[in-house]
Amino acid sequence: MLQVSRAVIRGGFDYHAEIARAYVERGAQVCSVFQRGQMPAQKKAAFPGRVICLDAARRSFYKKPAWLTLALWKAVRGTPQDLAVCHHLTPARAVHLLLRAGLVRKAALVVHDYDYFDPADKHGGRRNRFLVNALRYRWSLVGVSESICSNIRAQVPGLAEGRCRVIHNAIDADALQHRLLSRDEARRDLQLQPDDFVFGTVGRLVEFKAHDDLIAAFAQTCRLMPKARLIIIGRGPLESTLRAQVAAAGLQDRVLIHGFLDDAARYMKAFDTFVLPSRHEPFGLVLLEAMVSQVPVLASDSGAPGEILAADAALFPTGDRAALGAQLLETYRRTPEELEAWGLAGYQRARECFALGGYRAAYAQLLAAETGAI
């Protein structure tokens, strides 16, 4: 089995390793190839199967599908592969040449983002044209959420139902729990007071994460929540804009934009409630991190959050600042016992529905399938 991706994952959920492990555990020989990035020796030694990191200094060279195909042929030593799992377009284009040459029996492209095949977008259009051609061969798609698969079907008319399968991302709950700081430790490091009621979020400071909506909603209701504070952990191009928004609302003492934190999930227990206000969310691994930390979660109904959270979860209409403000206030007024029960329900759902074992089993089915459709 061959797995090809653009880059090594530096932190968080390493889906490359878990996909490789799904096949190694079942006796398959696995080779994972990365176009760029280097893997630390210790991580490489623990990674399931063989790992090849191509020369990062020759990135432009390996961006060309033909040369990447040659590198892949050398990596597998010319041995035909039963399955190739690809992440992103360039790896898929390179694998497609191997498939047409008979060196790959079938292939799957994993899609992590919305509008990946948008024909109206320059890059999306190129991916769309590739896909339409590739589907004549033994290619299928994996979406990390039903929302992603629905988005793909809308942009690729005529896509057969069986050619796009949902495999949700997963979380190593035990590993995260061992890394978690206690509530007191996390609050001390973040300079939060023990009696604060903390709404928190973690994510890149970019437009679709909608941190501006969260700040505005908090500003609308904070006068009714005297002990409430909002903390945003992350960095990105909108940091100065968001800081200006906080200053304009006069909330410098109530809203903290902390910046980047390495392994930010460790600090989840500092929050009384986690809030994800995204305008569109392809999956949202940070939701699982909050749930495993037994922190109540509020989220927009922007696609995948509704799939991740329980049916009775507190979802609010995407972009509706008034509705979000009302949810913040209602959550603030809940009793400690209600919040604890809410957090425990999320923890149990994360454990039951997004465990690594189920994730690996779902990927193993790609190899088990005998037809071109997944």
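The values are calculated or read from the model by the stated rules, or taken from the named source; none is laboratory data. What you are looking at is a predicted structure, and each value in this text was computed from that prediction instead of being measured. Using ideal geometry, Cβ is built from the backbone for each residue, glycine included, and neighbour counts are taken over all protein chains shown.
Residues that are within 27 Å of Ala345 (Cα to Cα): find the helices (runs of 4 or more DSSP H) completely inside the range 237-312 holding 1 or more of those.
In the range 237-312, 285-292, 304-308 are the helices (runs of 4 or more DSSP H) which contain 1 or more residues that are within 27 Å of Ala345 (Cα to Cα).
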Within the range 182-193, the residues that are buried (at least 19 other Cβ atoms within 10 Å of the Cβ) and assigned to a loop (DSSP other than H, G, I, E, B) are Leu192
Out of the residues in the range 80-120 that are assigned to a loop (DSSP other than H, G, I, E, B) and under 22 Å from the mean Cα position of the chain (by Cα), which is surrounded by the fewest Cβ atoms within 10 Å (Cβ to Cβ)? Asp113
Of residues in the range 141-173 being touching a helix residue (DSSP H, G or I) at 6+ places or on another chain (Cβ under 7 Å), outside any helix (DSSP H, G or I) and of a type in the set (A, V, I, L, M, F, W, C), the one modelled with the lowest pLDDT: Leu159
Pull up the range 121-139, narrow it to residues that are part of a helix (DSSP H, G or I) and of a type in the set (Lys, Arg), then point me to the one that is surrounded by the most Cβ atoms within 10 Å (Cβ to Cβ). Arg127
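Which residues, counting only those in the range 3-59, are part of a helix (DSSP H, G or I) and small (Gly, Ala, Ser)?
Hits for the range 3-59 are Ala17, Ala20, Ala22, Ala41, Ala45, Ala46, Ala56, Ala57.
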If you check every pair at least six apart or on different chains, which have Cβ atoms under 8 Å apart with a residue in the range 209-236 that is outside the structural domain of Phe197 (by TED's automatic domain parsing) and in a loop (DSSP other than H, G, I, E, B) first and a residue that is surrounded by 22 or more Cβ atoms within 10 Å (Cβ to Cβ) and not acidic (Asp, Glu) second? none
Which members of the range 220-253 meet the condition of being within 29 Å of the chain's Cα centre (by Cα) and either within 18 Å of Leu298 (Cβ to Cβ) or among the charged types (D, E, K, R) (or both)? Ala228, Arg229, Leu230, Ile231, Ile232, Ile233, Gly234, Arg235, Glu239, Arg243
Check Asp272, Asp196, Asp212 and return the single one that is over 25 Å from the mean Cα position of the chain (by Cα), at pLDDT 95 or above and surrounded by fewer than 23 Cβ atoms within 10 Å (Cβ to Cβ). Asp196
Do we find that Arg136 is in the same structural domain as Leu98 (by TED's automatic domain parsing) and within 23 Å of the chain's Cα centre (by Cα) in this structure? no
Looking at the range 343-353, can you tell me whether even one residue there is touching a Pro at 6+ places or on another chain (Cβ under 8 Å), crowded, with 17+ Cβ neighbours inside 10 Å and of a type outside the set (S, T, N, Q)? yes
Which one of these is in a loop (DSSP other than H, G, I, E, B) and either modelled with pLDDT of 95 or more or not charged (D, E, K, R) (or both): Ala322, Ala341, Ala373? Ala373
Within 16 Å of Arg279 (Cβ to Cβ) and either among the aromatic types (Phe, Trp, Tyr) or in contact with a Ser or Thr (Cβ under 9 Å, 6 or more places away or on another chain) (or both) - does that describe any residue in the range 239-254? no
What residue, among those in the range 237-262 that are charged (D, E, K, R) and modelled with pLDDT of 95 or more, is surrounded by the fewest Cβ atoms within 10 Å (Cβ to Cβ)? Asp253
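Quick test for you: out of Ala323, Ala299, Ala361, Ala304, pick the one residue that is farther than 26 Å from Asp115 by Cα and either touching a Lys or Arg at 6+ places or on another chain (Cβ under 9 Å) or outside the structural domain of Trp139 (by TED's automatic domain parsing) (or both).
Ala323
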Do you know which residues across the range 275-301 are under 18 Å from Phe218 (Cα atoms) and buried (at least 23 other Cβ atoms within 10 Å of the Cβ)? Val275, Leu276, Pro277, Ser278, Pro296, Val297, Leu298, Ala299, Ser300
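Can Gly12 be described as touching a residue at least 40 places away in the same chain (Cβ under 8 Å), in the same structural domain as Ala134 (by TED's automatic domain parsing) and on the phi > 0 side of the Ramachandran plot?
Answer is yes for this residue.
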